[in-house]
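What follows is a single structure, written as structure tokens, with notes after it.
The values are calculated or read from the model by the stated rules, or taken from the named source; none is laboratory data. What you see is a predicted model, and the numbers here were worked out from it, not measured in a lab. Because the Cβ atoms are built from the backbone with ideal geometry, glycine has one as well, and the counts that use them run over all protein chains shown.
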Amino acid sequence: MTTSIDPGDEIKQAITSIKNLNEGQNEFLQAVREVFGSLEAVVEETPTYITQKILERISEPERQIVFRVPWQDDNGNIHVNRGYRVEFNSALGPYKGGLRFHPTVNISIIKFLGFEQIFKNALTGKPIGGGKGGANFNPKGRSNDEIMRFCQSFMTELYRHLGETRDIPAGDIGVGTREIGYLFGQYKRIANKYESGMITGKDPEWGGTLVRNEATGYGLAYFVREMLGESDSDIEGKTFLVSGSGNVATYTIEKIQQLGGEVVACSDSDGFVHDPSGIDLDLVKQIKQVERGRIYEYADRKQGVNYYDDKSIWSLECDVALPCATQNELLKEDAKMLIENGCMVVAEGANMPATTEAIELFQESGVLFGPGKAANAGGVAVSALEMHQNASLHSLTFEETDKQLQNIMKEIHSTCRDTAEEYGTPGNYLNGANIAGFKKVANSMLALGLI
Ligand code: GLU
């Protein structure tokens, strides 16, 4: 029997039914549209994806866990937060993805992150499925003890769903080595086993891997190096804007500077600093990592620096823009300014920081655009190396792990470039990443049967 399929129509119909099922989950629907927007030629080539309802199946999480997280602050007041773990897809391996603690967290945010994670993880070439979790908890201004109590309460509920072959969380916004420590400690206590591989992003002193802390930022810099290499240029001497000042931004700046790039701005959710002489990363680390302060303090402590909270960081001139803060932070107007000011390359350190309209503008005007699921995959790739090291009880040196990270980013870049070309859209890394990631997961789902 031959089935006649209009791929564009089928994809539209799938999007409509996913939209009806997930009303109001705007970030999630944005992520679905962004991936499905690349799939026409793929569906045409393999109509089984349609007959087997792969589009509908891949956008429905295998399991969604929502739970209460009660905790007590230092003054004895009781608080209740909502915790989430979305176990999205395990066709390639156990669920893998970070935890985000931020007041904006809701089911739409966790689902968009989990959905992106499926394809990102596929692109790393490692045997890991996709998942994401977190809580609408605001860590800002909370004491160390409060953070510990929150993490313990969160893990007391979640631990039963986790395990080194089941579901392996890690960090994301608001969850770093300190929080991973408290989460791991509580798991260890409840489960009564030292199961290092059940969480990644651990300190190397207690089961972590060197380079994991730096991996997302370093990986982004390596990916950008490959992108620039395509046009026969490199990082040296180029001017960079990096939004954010958390883990991803910090280690992006560090590696870009090591590779000879000039980073002239970074930011936090209140505003950005413009330092034409080049960002002093030690000062950023002192303010953000040691003092857990705000970025305006950078301008107070260094001469010749301006702080702005009334305009966008993307209004500055640059060769390369690296959004490393959060979703939908780079809008159409920002894209316009970047293009007018001669920006050549944009690559996403955060997850989905550029809006769909901004991406369209970049692509229309020939700005090379590296999507997060490819450009920021270095973090989760080194998490997979951490799982490997935990399972084999063998630790690699910093240099060995960094070398592997460089190779993985090179590989992801060439996969995206070659796939984009093969499907008739050379230079379109978004199509390349979406198609390569999707095919790998979809084919594995077909092979595993209707489950
Ligand atoms: N949260 C990171 C990401 O967005 C890392 C996930 C992990 O290491 O599992 O990819």
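Selection within the stretch 334-353: residues that are under 20 Å from the mean Cα position of the chain (by Cα) and not in a loop (DSSP other than H, G, I, E, B). The member of this set that is surrounded by the most Cβ atoms within 10 Å (Cβ to Cβ) is VAL346. Is it true that GLN286 is polar (S, T, N, Q), modelled with pLDDT of 95 or more and within 13 Å of SER245 (Cα to Cα)? It is true that GLN286 is polar (S, T, N, Q), modelled with pLDDT of 95 or more and within 13 Å of SER245 (Cα to Cα). Does GLY114 meet the test of being in a loop (DSSP other than H, G, I, E, B) and under 23 Å from THR419 (Cβ atoms)? No; evaluated as a whole, the condition is false for this residue. Tallying residues that are touching a helix residue (DSSP H, G or I) at 6+ places or on another chain (Cβ under 8 Å), crowded, with 17+ Cβ neighbours inside 10 Å and within 20 Å of GLY246 (Cα to Cα) within the stretch 298-322 yields 8. Selection of the stretch 167-206 for residues being within 14 Å of the ligand (Cβ to nearest atom) and in a loop (DSSP other than H, G, I, E, B) yields PRO169, ALA170, GLY171, ILE173, GLY174, GLY176, ILE199, THR200, GLY201, LYS202. Residues in the stretch 105-131 that are surrounded by 24 or more Cβ atoms within 10 Å (Cβ to Cβ), away from the ligand (no atom under 12 Å from the Cβ) and not hydrophobic (A, V, I, L, M, F, W, C): LYS111 alone.
Scanning the stretch 93-104 for residues that are without any contact (Cβ under 8 Å) to a residue 40 or more places away in the chain and either outside any loop (DSSP other than H, G, I, E, B) or within 13 Å of the ligand (Cβ to nearest atom) (or both) gives a single hit, GLY93. Any residue in the stretch 128-139 that is under 19 Å from GLU116 (Cβ atoms) sitting within a Cβ distance under 6 Å of a residue that is of a type in the set (Ser, Thr, Tyr) and within 11 Å of the ligand (Cβ to nearest atom)? List the pairs, counting only those 6 or more apart or interchain. Going by the 6 Å Cβ cut-off, the qualifying pairs are GLY129/TYR95; GLY131/TYR95. Look at the stretch 117-141 and say how many of its residues are at negative phi and either part of a loop (DSSP other than H, G, I, E, B) or of a type in the set (Asp, Glu) (or both). Residues flagged as at negative phi and either part of a loop (DSSP other than H, G, I, E, B) or of a type in the set (Asp, Glu) (or both) within the stretch 117-141 amount to 10.
Considered as a group, the residues in the stretch 78-92 that are in contact with a helix residue (DSSP H, G or I) (Cβ under 8 Å, 6 or more places away or on another chain) and in a loop (DSSP other than H, G, I, E, B) include one that is farthest from the ligand (Cβ to nearest atom), and that residue is ALA91. Counting only strands (runs of 3 or more DSSP E) that sit completely within the stretch 235-279, those holding 1 or more residues that are more than 16 Å from ILE295 (Cα to Cα) correspond to 239-243, 262-267. Does the stretch 251-262 contain at least one residue that is closer than 26 Å to LEU430 by Cβ, surrounded by 21 or more Cβ atoms within 10 Å (Cβ to Cβ) and within 16 Å of the ligand (Cβ to nearest atom)? Checked the stretch 251-262: at least one residue is closer than 26 Å to LEU430 by Cβ, surrounded by 21 or more Cβ atoms within 10 Å (Cβ to Cβ) and within 16 Å of the ligand (Cβ to nearest atom). Can you find a residue in the stretch 142-153 that is assigned to a loop (DSSP other than H, G, I, E, B), of a type in the set (D, E, K, R), away from the ligand (no atom under 16 Å from the Cβ) and at pLDDT 95 or above? Within the stretch 142-153, one or more residues are assigned to a loop (DSSP other than H, G, I, E, B), of a type in the set (D, E, K, R), away from the ligand (no atom under 16 Å from the Cβ) and at pLDDT 95 or above. Exactly one residue among ARG142, ARG166, ARG189 is closer than 27 Å to TYR251 by Cβ and basic (Lys, Arg), and that residue is ARG142.
The rows are residues; the columns are (1) touching a strand residue (DSSP E or B) at 6+ places or on another chain (Cβ under 8 Å); (2) at pLDDT 95 or above; (3) aromatic (Phe, Trp, Tyr).
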{"site": "TYR159", "(1), (2), (3)": "no, yes, yes"}
{"site": "GLY163", "(1), (2), (3)": "no, yes, no"}
{"site": "ASP172", "(1), (2), (3)": "yes, yes, no"}
{"site": "LYS188", "(1), (2), (3)": "no, yes, no"}
{"site": "THR200", "(1), (2), (3)": "yes, yes, no"}
{"site": "GLY217", "(1), (2), (3)": "no, yes, no"}
{"site": "THR250", "(1), (2), (3)": "no, yes, no"}
{"site": "VAL273", "(1), (2), (3)": "yes, yes, no"}
